[in-house]
Amino acid sequence: MVGVDHFVYRYRFPAAVEPRWKAQVERWYQLDAYAYGLTQAYDVWRASGVVDKPEFLFLASPEASNRTDAQFAGSGASSPQKFVHTLPNIRSASLFQVMEWSGPMLCIQKDPHTVATALVEAAEFVGAQAAERVWLMSVVRGRGAEDFEAHLLSLSRSSQAAFRVEKKGHSGLAATPADNYFISWLSSKVSSGNDELELSRHLKIRRALTKG
Amino acid sequence: MQKSKTDSGLIILHNIAILGYGCTTSLGPATADLWEGLVGGRDASSRFDENFHAYVWQDNRDLNEQLQRALRQALDGLDKQAIERIRDGSKLGVILASTKGAIDDFIWNASEAELLVDPYTRFLESFLARAELKPERLLTVSNACASSLSAVFLARQWLVNGIVSDVIVLAVDRVGPFVLKGFGCLRALTTEKVRPFAKARSGLRLGDAAAAIVLSRAQGVARLEGVGIDAEGISVTRPAAQSLKRACEKIPNSGCPDLIIAHGTATPINDPIEDQVFSALFAAKPAITATKWAVGHTLGASGAIDLIAACEAMKNQRAFCIANTDEVDPAFKGRYLLAGADVSGVGPINRVLVTSLGFGGIHAAAALSRGGTV
């Protein structure tokens, strides 16, 4: 059993005010929406005292860096500031500067199931005791063109976490949730009657308030 | 040999091996072309349009076809049992390592629907359909130019944890207008020869490559001793010595290798970092070489190409020179195999270290040793 706590930070980009961490990130104003969001979200969570740093980090990037890639291509493909963000792992660089953290990181892609896929990997790391605490971070677009959400799933062996990843009672085919649905399910605070989702052939996630 | 401890305290030994491998590069469509080109000092990255700064496949630009070719080589020579396991798929994992995949196919006039899906998954699924593989587990690792070694790291985890019996790491990147213009923006390209670790180094060239590596919990042609990855955030494009050093130190039993195949991009920034780390870690000064002078920087596939070169070096018991580098940077302390060096003194080659550095502060290292019994 792996405990999972979920945090979400909703923001608009471009940012209207300078961030608190601007002195820590060189040319912070050149960050794309995703890099900015991960970094700002961490700063907010840190200030709230809700997060302990991980030993391993997974980055799940639905749509990869497509939006930033399109901006680079659409602007004449001549901007080095835009080009350096055209890799889905790049958005972690500013985050790590503000976290003052270094460690192993894997950027995972498998649209449209990128977040659930990465969660399976992260859960198996904790389950196999390859790490005590693993983070899974992701940024997705919100409703409007300027709306974004940064998500953090913090995994550990805690039995007090809001969600639990557990082995299924059977190893049948899995209906791995698509990112939009999965994130919505994680974010909903009340039970909708569907308190358990399959993640893979062997794993499921459920809200901790329900019985297994 | 990897060790893990069970809850009861038992130590379990893991033998993670490379069973087979194959690649296509600018040196040619087969692994033999890569090896013969490296030992023969053939600079395939020289064959390019002077305005293009990069070598691309001349005959066939199709990523799927190039990767199929690499896979066929990797599977060729596997024993019947391994082939049956892989074809069955129920205990097979597949990881794609790539930086931009097939980005040029859609990004210049991308529709909203095209932007909704990463550029890797569609390609991977079409590749697997054509290869008639149905893996139990598949995904893409995109860790910039350290993607291949990062994929091998994850493959090792899957094998050690018994999630699958075999993993095929596929690595491919294609030089197109997107990456070419991008690297041009960064002023990282050179129209001269690529000279890793040279006093006169002036930057990199890009190159197409496709590679396939089959890993398993079995005896194989080479043993994967370990992989270390470390990411930090000092800079997006500048590597960090401490991070690379940590990646190297994460490999168990990290004694001095007989040969190092460095990332060696020949940029002003990359090469000093690697020299600093190798000198700090290995007082015995192992021989250091690199491949990008011959095939260009193959981006997400570069680590896989270097792993294959490492396997070939151990198989043939022969190192290869950095054929374009006559004079090493005088500030460097490492022992580089320069052009014309006598490589007969390098050996026996029982252990090779491969390093990869990527944008975003990602650093990776992998150690291979000669195959054989556990």
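The values are calculated or read from the model by the stated rules, or taken from the named source; none is laboratory data. Quick caveat, the model's predicted, so the values are computed rather than measured. Cβ placement follows ideal geometry from the backbone for every residue including glycine, while neighbour counts extend to all protein chains displayed. Areas reflect the complete protein model, heavy atoms only, side chains present, ligands, DNA and RNA absent. Shrake-Rupley method; radii C 1.70, N 1.55, O 1.52, S 1.80 Å.
General remarks:
- Scan the stretch A:34-54 for residues that are touching a Ser or Thr at 6+ places or on another chain (Cβ under 8 Å) and either in a strand (DSSP E or B) or over 30 Å from A:Lys167 (Cβ atoms) (or both) and the total you get is 5.
- Complete set of residues in the stretch A:67-81 that are open to solvent by 10 Å² or more (accessible area, probe 1.4 Å), more than 7 Å from chain B (Cβ to nearest Cβ) and in contact (Cβ under 8 Å) with a residue 24 or more places away in the chain: A:Gln71, A:Gln81
- Pairs linking a residue in the stretch A:41-66 that is under 30 Å from B:Gly101 (Cα atoms) and more than 13 Å from chain B (Cβ to nearest Cβ) to a residue that is of a type outside the set (Phe, Trp, Tyr) and surrounded by fewer than 23 Cβ atoms within 10 Å (Cβ to Cβ), with Cβ atoms under 8 Å and 6 or more positions apart or on different chains, are A:Ala41/A:Leu152.
- Some residue of the stretch B:122-141 being more than 22 Å from A:Pro112 (Cβ to Cβ), open to solvent by 10 Å² or more (accessible area, probe 1.4 Å) and among the aromatic types (Phe, Trp, Tyr): no
- Just so you know, in the stretch A:99-108 the residues that are more than 7 Å from chain B (Cβ to nearest Cβ) and assigned to a loop (DSSP other than H, G, I, E, B) include one that is least open to solvent (accessible area, probe 1.4 Å), and it is A:Trp101.
- The set of residues in the stretch A:1-15 that are assigned to a loop (DSSP other than H, G, I, E, B) and within 19 Å of A:Val98 (Cβ to Cβ) comprises A:Phe13, A:Pro14, A:Ala15.
- Elements of type helices (runs of 4 or more DSSP H) in the stretch B:79-197, at least 1 residues being under 23 Å from the mean Cα position of the chain (by Cα) and among the acidic types (Asp, Glu): B:121-131
- Hits in the stretch B:199-215 (condition: out of contact with any His (no Cβ under 8 Å at 6 or more places or on another chain) and either assigned to a loop (DSSP other than H, G, I, E, B) or surrounded by fewer than 24 Cβ atoms within 10 Å (Cβ to Cβ) (or both)): B:Lys199, B:Ala200, B:Arg201, B:Ser202, B:Gly203, B:Asp208
- B:Gly334 vs. criteria within 14 Å of chain A (Cβ to nearest Cβ), touching a Pro at 6+ places or on another chain (Cβ under 9 Å) and open to solvent by 10 Å² or more (accessible area, probe 1.4 Å): no
- All positions within the stretch B:283-317 that are farther than 27 Å from B:Val172 by Cβ and open to solvent by 30 Å² or more (accessible area, probe 1.4 Å): B:Ala283, B:Ala284, B:Lys285, B:Gln317
- Among (1) more than 14 Å from chain B (Cβ to nearest Cβ); (2) surrounded by fewer than 20 Cβ atoms within 10 Å (Cβ to Cβ); (3) touching a Ser or Thr at 6+ places or on another chain (Cβ under 9 Å); (4) farther than 14 Å from A:Pro62 by Cβ, the one test that A:Gln129 misses: (1)
- Yes/no for A:Gln30 being touching a residue at least 12 places away in the same chain (Cβ under 8 Å), out of contact with any Lys or Arg (no Cβ under 8 Å at 6 or more places or on another chain) and more than 7 Å from every other protein chain (Cβ to nearest Cβ): yes
- Scanning the stretch A:18-39 for residues that are crowded, with 18+ Cβ neighbours inside 10 Å and closer than 27 Å to B:Thr140 by Cβ yields a total of 9.
- Qualifying residue in the stretch B:158-170 (condition: in contact with a Phe, Trp or Tyr (Cβ under 9 Å, 6 or more places away or on another chain), buried (at least 24 other Cβ atoms within 10 Å of the Cβ) and facing another protein chain (nearest Cβ under 8 Å)): no
- When the stretch B:250-264 is filtered for residues that are modelled with pLDDT of 95 or more and either open to solvent by 10 Å² or more (accessible area, probe 1.4 Å) or of a type in the set (A, V, I, L, M, F, W, C) (or both), the ones remaining, listed by number, are B:Asp258, B:Leu259, B:Ile260, B:Ile261, B:Ala262.
- Filter result for B:Glu84 (open to solvent by 10 Å² or more (accessible area, probe 1.4 Å), in contact with a Ser or Thr (Cβ under 7 Å, 6 or more places away or on another chain) and of a type in the set (Asp, Glu)): no
- Any chance B:Pro257 is touching a residue at least 60 places away in the same chain (Cβ under 8 Å), in a loop (DSSP other than H, G, I, E, B) and within 14 Å of another protein chain (Cβ to nearest Cβ): no
- Taking every residue in the stretch A:86-98 that is within 7 Å of another protein chain (Cβ to nearest Cβ) and in a helix (DSSP H, G or I) and pairing it with any residue that is aromatic (Phe, Trp, Tyr) and surrounded by 24 or more Cβ atoms within 10 Å (Cβ to Cβ), at least 6 positions away or on another chain, the pairs with Cβ-Cβ distances below 7 Å are A:Leu95/A:Tyr42.
- Among the numbered conditions (1) within 12 Å of chain A (Cβ to nearest Cβ); (2) open to solvent by 10 Å² or more (accessible area, probe 1.4 Å), the only one that B:Leu96 does not meet is (2).
- Looking only at the stretch A:109-126, and only at residues there that are in a loop (DSSP other than H, G, I, E, B) and open to solvent by 20 Å² or more (accessible area, probe 1.4 Å), the one that is farthest from the other protein chains (Cβ to nearest Cβ): A:His113
- Tally, over the stretch A:133-143, of residues that are surrounded by fewer than 24 Cβ atoms within 10 Å (Cβ to Cβ), of a type outside the set (Lys, Arg) and closer than 13 Å to A:Gly103 by Cα: 0
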